[in-house]
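Report on one structure; see the data block that follows.
Coordinate-derived values only; no laboratory data. Every value quoted in this text rests on a predicted model; they were computed, and no experiment measured them. Cβ sites come from the backbone with ideal geometry, for glycine too, and all protein chains shown count toward neighbours.
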Amino acid sequence: MTVVDLGRLRASLLAEPRAGHFIQEDGAGDEPLTPAAVLFPIVLHEGGHTVLLTQRTAHLRDHAGQISFPGGRVEAHDRSPMDTALRETEEEIGLARERVEIVGFLPEYRTGTGFRVTPVVALVRPPFDLQPDPFEVAEIFEVPLAFLLDPANHQQHSLHYRGALRSYFAMPYGEHFIWGATAGMIRSLSERLGLLHAS
């Protein structure tokens, strides 16, 4: 599955965010959740599609040093999750929204760290220029989409967090350890594309 069929991709996504339709991370409780949105940017290279990811800087308050999609908290002036994702992407990595085509949404993802995240799936057509915000972004890199969607590359791990053993998925790629909410949203797309075997 070197090149994912874009028609199949579009058909697998939600046309708009759906209230009450969500995935809950292990460890997510009943506390109030902060709304956020991320861009799931699929880059359409001729040799195969990739996913654009960032590594957050080590000093940030939330998810320091982790691999993530560009995105962040919903601000009062944002008109929609799509607006949040595009604004945050421009601020974090300098990707102009003119280069981005929104194709749909994944179910809301509720994290154990207190966020409810709307993943906004988009296609990005090269060439484009990126300008990372040095305060938030330590690195921008790309990973083949086929690698991320392949269940054979999804590892299950566990850790002690807030006094309990929590399980999570990870997709190590080279020196990058993709895990937590980012891995969970990638799994969500794999599932919607019918790539995960029913347990």
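For the reader, a short list of remarks on this structure follows.
- Fraction of antiparallel bridges per DSSP, the chain only, in percent to nearest 5: 75 percent
- Cα gyration tensor shape of segment 155-195, rounded if a/c is under 1.5, else prolate or oblate by comparing a/b with b/c: oblate
- Calculated [θ] (222 nm, deg cm²/dmol) that DSSP helices of n ≥ 4 give over the chain, each run adding -39,500 (n - 2.57): -5500 deg cm²/dmol
- Within-9-Å neighbourhood charge of residue 168 [Cβ basis; K, R +1; D, E -1]: -1
- Charge dipole (debye, nearest 20) of segment 6-144; +1 at Cβ of Lys and Arg, -1 at Cβ of Asp and Glu: 400 debye
- Modelled spin labels at residue 16 and residue 31, positioned 7 Å past Cα toward Cβ, are 3.2 nm from each other.
- The residue 98 and residue 45 beta-carbon pair, evaluated with R₀ = 30 Å, returns a calculated FRET efficiency of approximately 0.95.
- Residue-span extension gain [residue 113 to residue 159] - 0.36 nm each, minus C-alpha spacing: 15.2 nm
- Ascending count of other beta-carbon atoms within 10 Å, so fewest first, for 8, 87, 166, 79: 79, 8, 166, 87
- When the convex hull of its Cα atoms is projected in every direction, mean area for segment 6-144 (nm²): 8.8 nm²
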